[in-house]
């Protein structure tokens, strides 16, 4: 047990000092509680604001995604149509014209301007001809 | 004192609910962002394909136009070109009369 070095205060002086300390603690508690409420309120406002902002961002992104989806579907349809209809016909036309060019020198001069650089790529495209230089 | 404690509880609940909602919305945001990026990539690939197709069509149109021009004086070539009337219409060219 520690023994106080100073003589114990008389009851008449100890009571006001204890009350003062208690009041001080209560004041601190009130102040801390007020700060806690303030921080929690601010945090709530921040969370709600960021949630609303994210929600709007999601809506905007969804609209963009829908637009992209429509574009992608249209392009996909056009590419599919080309691959199934136009490409085989074009390939056949190039083949026929190449055969004809062998027999007709006049046309051969025209056909030779169109250089066939490949036999279709992954798009199942017809021979991708490019005008000769 | 009870009133203060009640306010603390209400605020704590609000913070927890707000944090939970925020996390859920954030994950949804990531999900939508991922979908949008995937679609964008797909659209870019399709646009590249469309560019190749347009180039092919332009070249085919040019060759067909020159062939048609010559075919007016050349019956042999005219016979060849008549086979491709649907394609010529597709290429917005006037096919030879039958």
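Each reported figure results from applying straightforward, stated rules to the coordinates on display, with no laboratory input. Nothing here was measured: the structure is a model prediction, and the numbers come from that model. Quick reminder, even Gly has a Cβ in these numbers, built from the backbone with ideal geometry, and neighbours come from all protein chains shown.
Per-structure values
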{"quantity": "Residue tally, condition out of contact with any helix residue (DSSP H, G or I) (no Cβ under 8 Å at 6 or more places or on another chain) and surrounded by 11 or more Cβ atoms within 10 Å (Cβ to Cβ), over segment A:19-41", "calculated": "5"}
{"quantity": "Test for residue B:23: is it out of contact with any strand residue (DSSP E or B) (no Cβ under 7 Å at 6 or more places or on another chain) and within 7 Å of chain A (Cβ to nearest Cβ)", "calculated": "no"}
{"quantity": "Residue list for segment A:52-102, restricted to those being more than 9 Å from every other protein chain (Cβ to nearest Cβ) and in contact with a helix residue (DSSP H, G or I) (Cβ under 8 Å, 6 or more places away or on another chain)", "calculated": "A:98, A:101, A:102"}
{"quantity": "For residue B:72: the one exception among (1) in contact (Cβ under 8 Å) with a residue 24 or more places away in the chain; (2) under 30 Å from residue A:78 (Cβ atoms)", "calculated": "(2)"}
{"quantity": "Verdict on residue B:50 being free of Cβ contacts under 8 Å to residues at least 12 places away in the same chain and either farther than 18 Å from residue A:110 by Cβ or outside any helix (DSSP H, G or I) (or both)", "calculated": "yes"}
{"quantity": "Single unsatisfied condition, residue B:60 versus (1) farther than 14 Å from residue A:96 by Cβ; (2) in contact (Cβ under 8 Å) with a residue 12 or more places away in the chain; (3) touching a strand residue (DSSP E or B) at 6+ places or on another chain (Cβ under 9 Å)", "calculated": "(1)"}
